[in-house]
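Have a look at the structure below before the remarks.
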Amino acid sequence: DGGITQSPKYLFRKEGQNVTLSCEQNLNHDAMYWYRQDPGQGLRLIYYSQIVNDFQKGDIAEGYSVSREKKESFPLTVTSAQKNPTAFYLCASTGQGKRPYTFGSGTRLTVV
Amino acid sequence: GQNIDQPTEMTATEGAIVQINCTYQTSGFNGLFWYQQHAGEAPTFLSYNVLDGLEEKGRFSSFLSRSKGYSYLLLKELQMKDSASYLCAGSSYNTDKLIFGTGTRLQVFP
């Protein structure tokens, strides 16, 4: 079955550590996105990529980095520069045109 | 800016009808999506409006007025399982990226 997979589902990080969240899709979608969601809040765009080897900053890119070396993969690194990283992270992808996003099941990151 | 506004919380009774409104700045978007999100889960797609008017899908309907920067999601015959957050999202002209509102948390009571 086609879909988008995020791993891990839960992640704990010590302060000062970098951590990478995985996002893989087998939908042949060109565009991929990373959103952050805080309790009781909507989704805020971190980074997005419309094509391999290219990506753009979203509204809250500071303290995060991404890569898009393969069409299927769009990993997100939460760096130690991100001051408040505890949140629910959602990855999404979409094909060309105004099509609904397909979301992954999310990664809940907690800084301990 | 590209603000999207929707109420934070709403309550309704099982079997009733509820309308969740969403307003946005007209200069930024050319379509509106509605998503449902249960707590701790990923959003799921409900509807997409790009033209003015009402789109009906079973118990759920969505309306768009582009000139007014206004959309609503109408939920009929409410069920307990409809208790969730409902996210309004604008689709920008030049890319496929979505800008989300803060979401409306709907609680359905017996």
Checklist entry - Quick one: if you stick a label point 7 Å off each Cα along the C-beta vector at A:Thr86 and A:Lys70, how many nm between them? => result 3.4
Item to check | For region B:74-110 versus region A:1-78, the gap between their alpha-carbon centres in whole angstrom | outcome: 22
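So, counting K/R as plus one and D/E as minus one, what does the shell of residues with Cβ under 15 Å around B:Gly15 add up to?
For residues surrounding B:Gly15, the net value is 0.
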Checklist entry - GNM, chain A, Cα, under 10 Å: largest mean-square fluctuation among A:Pro75, A:Pro39, A:Pro85? => result A:Pro39
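List the trypsin sites (Lys or Arg not before Pro) within region B:1-85 that DSSP assigns to loop and that have no more than 12 neighbouring Cβ atoms inside 10 Å.
Numbers: sites: B:Lys57, B:Arg59, B:Arg66, B:Lys68, B:Lys76, B:Lys81; in loops: B:Arg59, B:Arg66, B:Lys68, B:Lys76.
Taking region B:1-85 and a limit of 12 other Cβ atoms within 10 Å, the loop trypsin sites (Lys or Arg not before Pro) found are B:Lys68.
Of the listed pairs A:Lys71/B:Lys57; A:Lys57/B:Lys81; A:Lys14/B:Lys97; A:Lys14/A:Lys71; A:Lys9/A:Lys83; A:Lys9/A:Lys71, which have alpha-carbon separations greater than 27 Å here? List each step's numbers first, then the result.
Values: A:Lys71/B:Lys57 33 Å; A:Lys57/B:Lys81 36 Å; A:Lys14/B:Lys97 32 Å; A:Lys14/A:Lys71 31 Å; A:Lys9/A:Lys83 21 Å; A:Lys9/A:Lys71 22 Å.
Exceeds cut-off: A:Lys71/B:Lys57; A:Lys57/B:Lys81; A:Lys14/B:Lys97; A:Lys14/A:Lys71.
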Checklist entry - Can you tell me the Rg and the Dmax, both Å, for the Cα atoms in the protein assembly as shown? => result 17.5, 51
Checklist outcome for this item: Expressed in angstrom and ordered largest first, the alpha-carbon extents of chain A along the principal axes are 39, 25, 23
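Values quoted throughout were computed directly from the atomic coordinates according to the rules given, and no laboratory measurement underlies them. Remember, predicted model here, so these are calculated numbers, not experimental data. Reconstructed Cβ throughout: ideal geometry from the backbone, glycine too, with neighbour counts over all protein chains shown.
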